[in-house]
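See below for the structure under consideration.
The values are calculated or read from the model by the stated rules, or taken from the named source; none is laboratory data. A quick note: this is a predicted structure, and the numbers were derived from the prediction, not measured. Cβ placement follows ideal geometry from the backbone for every residue including glycine, while neighbour counts extend to all protein chains displayed.
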Amino acid sequence: MNSTKRKICFVVSSPVTVKSFLSDHIKELSKDYDIYLAGNFSEEDNAFLENLNLAGYKSIEIYRKINLKKDLSSVLKLRKYLKKEAFFAIHSITPKAGLVTALAGRMARIPYRIHIFTGQVWYTRTGLMKRLLVFLDKLIAGLNTHILVDGESQRQFLIKSRVLKESNSYVLGKGSISGVNTTRFNPDAGIRFQVRNSAGLGNKVVFGFLGRLNKDKGINELYTAFDRLAGERTDVHLMFIGGDEENMLSLLPSFKNIKEGVNFTNFGYTNKPEEVLQALDVFCLPSYREGFGTSVLEASCMGIPVICSDTYGLMDAMIDGVTGLRHKVKDAGDLHNQMLKMAISKELREELGRSGRDYVLKNFSGATITDEWVRFYKSLE
């Protein structure tokens, strides 16, 4: 391909990462750069990739789990590709892609090597595995020339943990890897009525969770807090939206006040979360660990007040007492108290919801974050 544009390669483990976070950035960056992708792509992904204004893409297997033989093969294949194309910059996302890209990029002597941290899987780990994962993050940070972090509170945590340095780590704008599509996540009274009516929610105060159901998301604490709340009030309802990764739904019968079809709905996975979210009165994310909390921004953009834990990664996505309420991580009692406040006061819910939408529109629109990415790359020239 004949072009005078500088070449940038994004490296991911899965095409889902591209679909979820990079599509708009790539389309905008392609106006000034030749954008390439490398990662685990199959023929089924071709149609999607062809719509991204890419200069090219390369399928290279990057496995999620550690496997020394396969990982070394991935590094060598990626190094060959990077050296052949002579990229101006490479940019990795997610831990495993970050490690493979950091090693391959350094070996290929790519001038600008960038990785973005979006959360730490080791935060809730202990022992030898935690030490290994921390070491690998330090290796990623040490081999790259620039480190981005999708939130300032996460960046400060990583600096305190001696993973990053002040000098070469940055947060673009106010944070978030991709921001929020403010057209898609927009309050709609008509859709709200339809979803609530079909679920038989009536005038109940609906608390909802959106995401992967697993222990680290604080599902146990959410069950416990809502079970207590449901024992006190009959006007509350809990809704889960997302796939059950760790069979969390099997725990439901152990909570005496939570009854499926009465005050609990499991909606399951949806590719249109912006529609199901319309049914909620309060969004809950009692996570143990979180990179930034994009789902918090999406809920806030729809005017839904938020309750979330005080884990470091959520500090930038919500302003306590302004756009939502915060509870102590892993503290079901504190979570219950915040849920009770929301259940009692419609005025509080409406005030926090309005402020949350204003906060997102001002700081986290997708267009705003994309502009920050373009500005960052311009600064490297």
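Residues checked against (1) among the small types (G, A, S); (2) not in a loop (DSSP other than H, G, I, E, B):
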| site | (1), (2) |
| --- | --- |
| K19 | no, yes |
| S23 | yes, yes |
| I26 | no, yes |
| K31 | no, no |
| I35 | no, yes |
| E44 | no, yes |
| F48 | no, yes |
| L52 | no, no |
| K58 | no, yes |
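Of the residues making up region 71-81, none is surrounded by fewer than 15 Cβ atoms within 10 Å (Cβ to Cβ) and either under 16 Å from S14 (Cβ atoms) or touching a Ser or Thr at 6+ places or on another chain (Cβ under 9 Å) (or both). Restricting attention to region 215-241, the residues being part of a strand (DSSP E or B) and within 14 Å of L340 (Cβ to Cβ) number 2. With respect to the stated conditions, Y33 fails to be free of Cβ contacts under 8 Å to residues at least 60 places away in the same chain and among the hydroxyl-bearing types (S, T, Y). Does G173 fit the bill of being outside any helix (DSSP H, G or I), over 15 Å from the mean Cα position of the chain (by Cα) and in contact (Cβ under 8 Å) with a residue 60 or more places away in the chain? Against the criterion (outside any helix (DSSP H, G or I), over 15 Å from the mean Cα position of the chain (by Cα) and in contact (Cβ under 8 Å) with a residue 60 or more places away in the chain), G173 qualifies. On the stretch given as region 32-44, residues that are buried (at least 16 other Cβ atoms within 10 Å of the Cβ) and farther than 11 Å from V12 by Cβ total 4. In the set (1) in contact (Cβ under 8 Å) with a residue 24 or more places away in the chain; (2) in the same structural domain as P273 (by TED's automatic domain parsing); (3) over 19 Å from the mean Cα position of the chain (by Cα), the condition left unmet by G324 is number (3). Quick check on region 85-118: of everything there that is among the β-branched types (V, I, T) and within 24 Å of the chain's Cα centre (by Cα), which residue is surrounded by the most Cβ atoms within 10 Å (Cβ to Cβ)? Within region 85-118, the match that is surrounded by the most Cβ atoms within 10 Å (Cβ to Cβ) is T101. Summed over region 198-232, the residues that are of a type in the set (A, V, I, L, M, F, W, C) and touching a Gly at 6+ places or on another chain (Cβ under 8 Å) give a count of 4.
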